[in-house]
Amino acid sequence: VKVTKERSSVDFSGLVLGFSSAALYYMGETTIEGKAGGEANMPLARQNIDILLLLKEKTKNNLSDEENNLLAQVLSDLQAKYVAKAK
């Protein structure tokens, strides 16, 4: 891997949305880059949700209001979809 001085801008919101997209993909709720979603992989969906829960715990009192609200909303939505899909 070649490392250059120019790095893509990655922020906390992008990280949260990346894990959210992965969880949705593994629940069969969305596609990624044109790849059709196959069968749901609930363990991998749960793993991505758990990573977001870990981030929430480890960043407590260190996030801006905007970041905190995004993380809370994403987790709420993902958990509701996970429960509905797991039934």
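The values are calculated or read from the model by the stated rules, or taken from the named source; none is laboratory data. Everything numeric here is computed off the predicted structure, so don't read it as measured data. We place every Cβ from the backbone using ideal geometry, glycine too, and count neighbours over all the protein chains shown. Accessible surface is based on the protein model in full, side chains and every heavy atom, while ligands, DNA and RNA are left aside. Shrake-Rupley method; radii C 1.70, N 1.55, O 1.52, S 1.80 Å.
Observations on the structure shown:
- Some residue of the stretch 56-68 being modelled with pLDDT of 95 or more, of a type in the set (A, V, I, L, M) and surrounded by 10 or more Cβ atoms within 10 Å (Cβ to Cβ): yes
- Cβ pairs under 7 Å, 6+ apart, first in the stretch 66-87 and farther than 11 Å from Glu29 by Cβ, second β-branched (Val, Ile, Thr): Leu70/Val16; Leu71/Val16; Val74/Val16; Gln79/Ile49
- The set of residues in the stretch 1-52 that are open to solvent by 80 Å² or more (accessible area, probe 1.4 Å), outside any loop (DSSP other than H, G, I, E, B) and either modelled with pLDDT of 95 or more or within 15 Å of Asp77 (Cβ to Cβ) (or both) comprises Leu17, Pro43, Gln47.
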